[in-house]
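Below: one structure, written as structure tokens.
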Amino acid sequence: MYRFASVLLVLGLLASACGGAAGAAQGSPFRVVQDVPLSGGTSRFDYQSLDPQAHRLYIAHLGAGLVTVFDTEAGSVVGDVANVRGAHGVLAVPELGRVFASATDARQVAAIDPASLTVTATIPAGDYPDGLAYAPEAGKLYVSDEHGKADLVLDVRSNQLLTTIPLRGEAGNTQYDPASHQILVAVHSGHLAAIDPTTDQLVDRYEVAGCGEPHGLALDPPRRLAFVACQNNAKLVVMDLTTMQPTATFDVGKGPDVLAYDQPLGQLYVAAESGPLVVFGVDDAGVREIARGDVGPNAHSVAVDPATHHAYLPLANLGGQPVLREIVLESPGSA
């Protein structure tokens, strides 16, 4: 009787686990491809960065002080880079053969060798280093110093801090625009800051009207669009990078954080602290919401592979286990 009851219990747990994964996708436009167990315990994740040539996804596991490396082709974890204290931002730079991660708790940026998965250098990086962007022509790394209200400029050849650019507000995400050859920063005081990498001077500041605390930032350089996630009022603002004026505003999940853009399909993913993932279609006719659904607890970070169009969301605690949830958008439509 005991053995029979134990078998029933095991079968029940398996059914519950399978039902949980299916339930996450039921009535949703997203299909769960797989949930991959991760190491580091049930602590917060942050940014991700994809190296599409190497089929590697780098995931900042903030609470564990790790950068986890995932093989998107094999669908499995390659390993972890340890000793990246408070890993927030992460950026793969394939042309340099390096990955950079902001070790916020150590007030440093770590340079990582992707072959050995080890930290090869650390660079002092202000008070609260967060998002990262690379300007290839200048050979410089730009780092959002959120609490320092500045962008930091690092020389990737010498691994040294070159200068600090005051931003008149807390720095959100930093991105490089290859069309204008400028660095753009979402600044919490309500604007986009534009930086010239050749001089490391602030070119101008542009108001993001209707945006409470601009934080997340993604770009569509060919269409000259910027997408700004507004942390304080759950909005997405679309800006025309030619006129530097907002052209549209949308409602998204509460506490929007990380954005990911699938350039070939023209699909923007907006992840939020409150859980829902919202997808927008972008084409020459404009921007429109095409999908919205629950993708897991605290799914505030998202990355997308432009080759497979699969999206990745690290979930800190799914039934007591951190996992990387891989999903695909199956039924986009007009919302």
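The values are calculated or read from the model by the stated rules, or taken from the named source; none is laboratory data. On a predicted model such as this, the values are computed, not experimentally measured, just so you know. Every residue, glycine among them, receives a Cβ derived from its backbone with ideal geometry; neighbour counts consider all protein chains shown.
A count restricted to the stretch 212-234 and to residues that are assigned to a loop (DSSP other than H, G, I, E, B) and not charged (D, E, K, R) stands at 7.
With respect to the conditions (1) buried (at least 24 other Cβ atoms within 10 Å of the Cβ); (2) not in a strand (DSSP E or B), Ala101 falls short on a single one, namely (2). Kindly evaluate Val67 against the criterion of being over 25 Å from His215 (Cα atoms) and either of a type outside the set (Lys, Arg) or not in a loop (DSSP other than H, G, I, E, B) (or both). Against the criterion (over 25 Å from His215 (Cα atoms) and either of a type outside the set (Lys, Arg) or not in a loop (DSSP other than H, G, I, E, B) (or both)), Val67 does not qualify. Candidates in the stretch 250-261 are the residues that are crowded, with 17+ Cβ neighbours inside 10 Å and assigned to a strand (DSSP E or B); of these, the one that is farthest from the chain's Cα centre (by Cα) is Phe250. Looking across Glu207, Glu213, one residue alone is farther than 20 Å from Tyr134 by Cα, over 19 Å from the mean Cα position of the chain (by Cα) and either surrounded by fewer than 24 Cβ atoms within 10 Å (Cβ to Cβ) or modelled with pLDDT of 95 or more (or both). It is Glu207. Determine whether Ala186 is touching a strand residue (DSSP E or B) at 6+ places or on another chain (Cβ under 6 Å), assigned to a strand (DSSP E or B) and not charged (D, E, K, R). Judged against the criteria, Ala186 is a match. Is it true that Ala121 is over 30 Å from Phe250 (Cβ atoms), of a type in the set (A, V, I, L, M) and in a loop (DSSP other than H, G, I, E, B)? So Ala121 fails the test. Select from the stretch 118-153 the residues that are buried (at least 24 other Cβ atoms within 10 Å of the Cβ) and in contact with a Lys or Arg (Cβ under 8 Å, 6 or more places away or on another chain) and list them in ascending order. Within the stretch 118-153, Ala125, Gly126, Pro129 qualify. Taken over the stretch 262-286, the criterion of being surrounded by fewer than 21 Cβ atoms within 10 Å (Cβ to Cβ) and within 20 Å of Ala234 (Cα to Cα) is satisfied by Glu273, Ser274, Gly275, Pro276, Gly281. Does Gln175 count as surrounded by fewer than 16 Cβ atoms within 10 Å (Cβ to Cβ), within 17 Å of Asp145 (Cβ to Cβ) and in contact (Cβ under 8 Å) with a residue 24 or more places away in the chain? No. Which of the residues that make up the stretch 27-43 are surrounded by fewer than 19 Cβ atoms within 10 Å (Cβ to Cβ) and either of a type in the set (Asp, Glu) or not in a strand (DSSP E or B) (or both)? Gly27, Ser39, Gly41, Thr42, Ser43 - these are the residues of the stretch 27-43 that are surrounded by fewer than 19 Cβ atoms within 10 Å (Cβ to Cβ) and either of a type in the set (Asp, Glu) or not in a strand (DSSP E or B) (or both).
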